[in-house]
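The values are calculated or read from the model by the stated rules, or taken from the named source; none is laboratory data. Model, not experiment: these values are computed from the prediction. Because the Cβ atoms are built from the backbone with ideal geometry, glycine has one as well, and the counts that use them run over all protein chains shown. Only protein heavy atoms, including side chains, enter the accessible area calculation; ligands, DNA and RNA are left aside. Shrake-Rupley method; radii C 1.70, N 1.55, O 1.52, S 1.80 Å.
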Amino acid sequence: MARGNTPDMLRSVFCLALGTALAAAGACARPGPAAAVAPTMPSDLDAAVRGTMEQWRQAYEVRSLDALAKLYAQDAGLVLVQQGEITRGWPDAAALLEARLGKATAVRVRLHDLSIAPIGAQGATVVARMTREISDGVTTVNEDGTLTLALRQAGQTWAIISQHYSYPVR
């Protein structure tokens, strides 16, 4: 593939073109009611998603695969991405988490600048800066990057359906 012609770049160009076309189509539309305003974050949704994120953080820190499992979608649609490595489906995600946590003797997770946005009536995105330290008792790995999650409401709880974490390599 030619330099600068990555799938991400092509996707960005497509999204920009689609957005421009939709904006132009809207500008040419007949006059009517005012355009819909972006939905505001209901306080109960915000609190529920923040609660899920705190459970996720704590589950990592106590190194509990059982506690983490309750927070992820248990299906083939789950996607985890870390540093460009893609893991699809709950069975592979569980194996990844078990390998990561099984070797750890200590984990510390800090979330900063958490922002939550609703997606329809039963979804939300979360973006945060995350600092994570994982130690096996001999070596400690420090990561400081950006965490992005997509969650869907499942009854009274929220399930992570997509997770992306990346950080600069030092």
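Worth a mention:
- By the equivalent-ellipsoid construction on the alpha carbon gyration tensor, region 66-155 comes out with semi-axes of 24, 18, 11 Å, ordered largest to smallest.
- When +1 charges are put on Lys and Arg Cβ atoms and -1 charges on Asp and Glu Cβ atoms, the dipole computed for region 36-139 relative to its Cα centre reaches about 200 debye.
- Near N142, once Lys and Arg are set to +1 and Asp and Glu to -1 for all other residues with Cβ below 12 Å from its Cβ, the sum equals +1.
- Remark: the R100-A69 segment gains 9.8 nm on full extension, using 0.36 nm per residue and subtracting the alpha carbon distance.
- Theoretical FRET efficiency, 1/(1+(r/R0)^6), r = Cβ-Cβ of V141 and V81, R0 22 Å, to 0.05: 0.80
- Prolate/oblate/rounded call for region 118-170, Cα gyration tensor, a/c under 1.5 rounded: prolate
- Between S43 and I119, the simple label model (points 7 Å from Cα in the Cβ direction) yields a spacing of 2.7 nm.
- Formal net charge of residues neighbouring A59 (Cβ-Cβ distance under 10 Å; K, R +1; D, E -1): 0
- Counted charge near A93, where neighbours are those whose Cβ lies closer than 11 Å (Asp, Glu -1; Lys, Arg +1): -1
- Region 76-144, accessible surface, carbon-and-sulfur percent (1.4 angstrom probe): 52 percent
- Overall form of region 45-115: oblate. Here a/c, set by the Cα gyration tensor axes a ≥ b ≥ c, is 1.5 or more, and a/b is not larger than b/c.
- The residues of region 53-170 have, on average, 54 Å² of accessible surface per residue, using a 1.4 Å probe with all protein chains present.
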